[in-house]
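**Student:** This is the structure, below, for whatever I ask next.
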Amino acid sequence: MMAQPQQPITSAFTPLVKRNNAPYLQVNKVWKHYGNFAALKDVSLEIKDGEFVCFLGPSGCGKTTLLRAIAGLDPQSRGEIVQGGQTISLLPPEQRDFGIVFQSYALFPNLTVAKNIAYGLRSLKLSRNQIEAKVTELLNTIGLSDMAYKYPAQLSGGQQQRIALARALATEPSLLLLDEPLSALDARVRLHLRQEIRKLQRKLGITTIMVTHDQEEALAMADRIVVMNHGIVEQVGTPEEVYRRPINAFVANFVGTMNLLPVKVSGNKQVRLQERLINCRRYKKQQTAAAWLAFRPEVAAIKPAGLHGDDKHYEYFNGTVLHTEFMGNFLRIEVNLSDFQQSVQVDVSSQHTDLTLCMAGHQVSLAVPVNELQVFDRYDNSAATGDAGHSAVATDEVAA
Ligand code: ADP
Ligand code: MG
């Protein structure tokens with residue numbers, strides 16, 4: 001689909017000329033209602049020209065709804081969408097400038113690969129030669145030159161999805177929309193296609209939005225990630241920002257693994273875990289407010305029991321190893337914090353660890369750097385301090 005069908009198709013992909021610093025796509029206060037249910041609640045965001053952005057969040061959080069609103073396939077109930085300086089909120093999809101790929105390959109089973117790719121070109125009044133040249137070029141781009149006369153059923157899932165991508169790119173849209181394009185593929189193909197999509201996107205300079213519920217995929221592919229939950233945007237940031245400095249417990253827990261311990265705020269750099277005061281990163285909240293003390297599995301070091309040092313840059317916890325998974329390059333160890341009846345996960349390099357320390361039943365000491373101990377608001381008091389057996393994962397904060 002394309003806004004300006006009168007525009008001639010050029011023989012080669014021309015990388016986008018950078019317009020200016022204005023955002024290429026703006027979503028302004030967009031709401032989407034299905035009856036009384038709000039699938040999007042006041043969503044605003046900006047996407048730059050040439051950026052690769054992932055909408056990331058649990059199933060049902062509104063990712064597809066937002067993508068379809070941008071495409072005009074299922075328009076917003078309120079709010080505005082601006083693309084390349086033009087308000088497009090009320091335009092039908094055929095007057096918008098985008099290509100789209102869905103999770104299911106959605107190729108026409110009765111058409112050859114070549115005809116599938118050429119499908120969007122038919123309305124552009126091109127000569128047969130022009131169409132053929134374009135299809136050949138696209139088949140080369142996706143590395144499937146010898147597949148032109150096959151039918152979709154003769155192709156693997158990964159190949160079909162590459163054809164779907166070629167079809168979406170055929171009209172040279174300025175915006176590429178991908179809705180979980182890799183989810184139906186098996187792991188190996190998925191990893192490979194990740195890199196291919198990203199390479200192609202960089203080469204074409206095409207502004208791209210990809211919906212995914214897979215945080216690893218988003219971290220690996222995106223320039224920026226939009227983390228969504230229950231129809232709102234929780235955080236927008238680079239993969240590193242979202243991972244290293246999550247804005248709240250939901251993001252912390254959804255992106256990567258985070259140990260979360262229920263605590264009470266005790267000062268602006270101190271919390272109370274049951275009876276013990278623990279130093280942490282700065283956190284401004286009224287004293288005694290319920291919070292989560294959080295750290296990533298890879299920031300904790302595992303030491304022999306009793307080793308407690310008096311380095312004020314670390315907090316030490318007594319623990320017992322519950323079990324260890326060998327992951328190849330690292331070990332994933334579940335440790336029960338003996339003084340608090342809380343279990344946490346610790347990842348350590350298999351190169352640098354005394355493996356005997358990591359055997360189930362072993363008494364250990366965990367050293368966690370104070371500046372890696374983050375604190376997040378905790379709204380739900382049900383998982384109160386001392387709640388024995390409360391898991392390391394804040395399940396009350398995570399949607400299904
Ligand atoms: P995601 O893509 O993040 O998994 P969706 O955007 O598809 O989620 O859906 C967001 C919410 O809106 C879900 O609760 C879903 O059930 C609801 N929803 C989506 N489409 C419709 C529809 N056509 N009618 C009613 N509810 C819908
Ligand atoms: Mg979806």
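All of the numbers you see were taken from the coordinates with simple rules; none came from a lab. Keep in mind the model is a prediction, meaning the values are calculated, not measured. Here the Cβ is made from the backbone with ideal geometry for all residues, glycine too, and neighbour counts use every protein chain on show.
**Student:** Mind jotting down the three principal axis lengths of the chain based on Cα atoms? Whole angstrom, largest first.
**Tutor:** Principal extents (Cα only, largest first): 79, 45, 38 Å.
**Student:** What is the sum of charges around R332, taking Lys and Arg as +1, Asp and Glu as -1, for the other residues whose C-beta is under 13 Å from the C-beta of R332? List each step's numbers first, then the result.
**Tutor:** On the way: positive: R296; negative: E298, E325, E334, D347.
Once all neighbours under 13 Å are counted, the net charge is -3.
**Student:** For the cross-link pairs K32/K285; K264/K312; K125/K203; K134/K199, which exceed 31 Å when the distance is taken from alpha carbon to alpha carbon? Could you put the intermediate results ahead of the total?
**Tutor:** Details: K32/K285 33 Å; K264/K312 21 Å; K125/K203 27 Å; K134/K199 20 Å.
Listed pairs above 31 Å: K32/K285.
**Student:** In addition: What are the ³J(HN,Hα) values, in whole Hz, obtained from phi via the Karplus relation 6.51 cos²θ - 1.76 cosθ + 1.60 with θ = phi - 60°, for each residue of the stretch 362-373 in sequence order, with x given for Gly and Pro?
**Tutor:** 5, 7, 9, 10, 9, 10, 10, x, 4, 6, 9, 8
**Student:** P109: net charge of surrounding residues, Cβ under 12 Å, Lys/Arg +1, Asp/Glu -1, itself excluded?
**Tutor:** Working: positive: K115, K150; negative: none.
That sum, taken over residues with Cβ under 12 Å, equals +2.
**Student:** Now for a different question. Of the candidates L66, L200, L177, which one comes out as most mobile in a Gaussian network treatment of the chain with C-alpha springs shorter than 10 Å?
**Tutor:** Between L66, L200, L177, it is L200 that shows the largest mean-square fluctuation.
**Student:** Treating cross-link reach as a plain straight distance, find the aspartates and glutamates whose alpha-carbon is under 16 Å from the alpha-carbon of K303, omitting any fewer than eight places away in the same chain.
**Tutor:** Counting by Cα, and skipping residues close in sequence, K303 has these aspartates and glutamates nearby: D311, E315, E334, D347, D354.
**Student:** What Kirkwood hydrodynamic radius, in Å, does the stretch 249-397 give when the mean of 1/r is taken over all pairs of distinct Cα atoms and then inverted?
**Tutor:** Details: mean 1/r = 0.0649 Å⁻¹.
One decimal place: 15.4 Å for the Kirkwood radius.
**Student:** Further, regarding this structure: Given H placed on each backbone N at 1.01 Å, which residues far from L322 in sequence or on other chains put an amide H within less than 5 Å of it?
**Tutor:** When sequence neighbours closer than 5 places are left aside, the close amide H contacts are E334, V335, N336, G361.
**Student:** How big, on average over all directions, is the shadow cast by the Cα convex hull of the stretch 25-244, in nm²?
**Tutor:** Numbers: hull surface 48.9 nm².
In nm², the orientation-averaged hull projection of the stretch 25-244 is 12.2.
**Student:** Could you state the angle between the C-alpha long axis of helix 157-169 and the longest principal axis of the C-alpha atoms of the chain, as a value from 0 to 90 degrees rounded to the nearest 10?
**Tutor:** Helix 157-169 sits roughly 60 degrees off the main axis of the chain.
**Student:** Determine the calculated [θ] at 222 nm for the chain from helices alone, applying -39500 (n - 2.57) to every DSSP H run no shorter than 4 residues and normalising by the residue count; nearest 500 deg cm²/dmol. Working shown, then result.
**Tutor:** Values: 8 runs with 79 residues, N = 400.
-6000 deg cm²/dmol, from helical runs alone.
**Student:** Okay, next question. Under 10 Å, Cα contacts only: if you run a Gaussian network model on the chain, which one of Q345, Q215, Q286 comes out with the highest mean-square fluctuation?
**Tutor:** Of Q345, Q215, Q286, the Gaussian network model singles out Q286 as fluctuating most.
**Student:** Using a 10 Å Cβ count of at most 16 others and DSSP loop calls, identify the longest part of the chain lacking such chymotrypsin sites (Phe, Trp or Tyr not before Pro).
**Tutor:** Value returned for the longest uninterrupted segment is 150-378.
**Student:** In what order do S89, S338 fall by count of nearby beta-carbon atoms within 10 Å, going from fewest to most? Present the calculation step by step, with values, prior to reporting the outcome.
**Tutor:** Values: S89 18, S338 14.
Ranking S89, S338 by Cβ neighbours within 10 Å, fewest first, gives S338, S89.
**Student:** Give a residue-ordered list of calculated ³J(HN,Hα) values for the stretch 29-43 (Karplus: 6.51 cos²θ - 1.76 cosθ + 1.60, θ = phi - 60°; whole Hz; x for Gly, Pro).
**Tutor:** Values, residue by residue: 6, 8, 10, 9, 10, 10, x, 7, 8, 9, 7, 10, 10, 6, 8 Hz.
**Student:** Here's another thing I want to ask about it. Which of L40, V344, I206 sits farthest toward the positive end of the charge dipole of the chain, with +1 on the Cβ of Lys and Arg and -1 on the Cβ of Asp and Glu?
**Tutor:** Positive-end residue among those listed: I206.
**Student:** Right, another one. Test of understanding: ordering V368, V251 by Cβ neighbours within 10 Å, fewest first, what list do you get?
**Tutor:** On the way: V368 22, V251 25.
Taking fewest neighbouring Cβ atoms as first place, the list is V368, V251.
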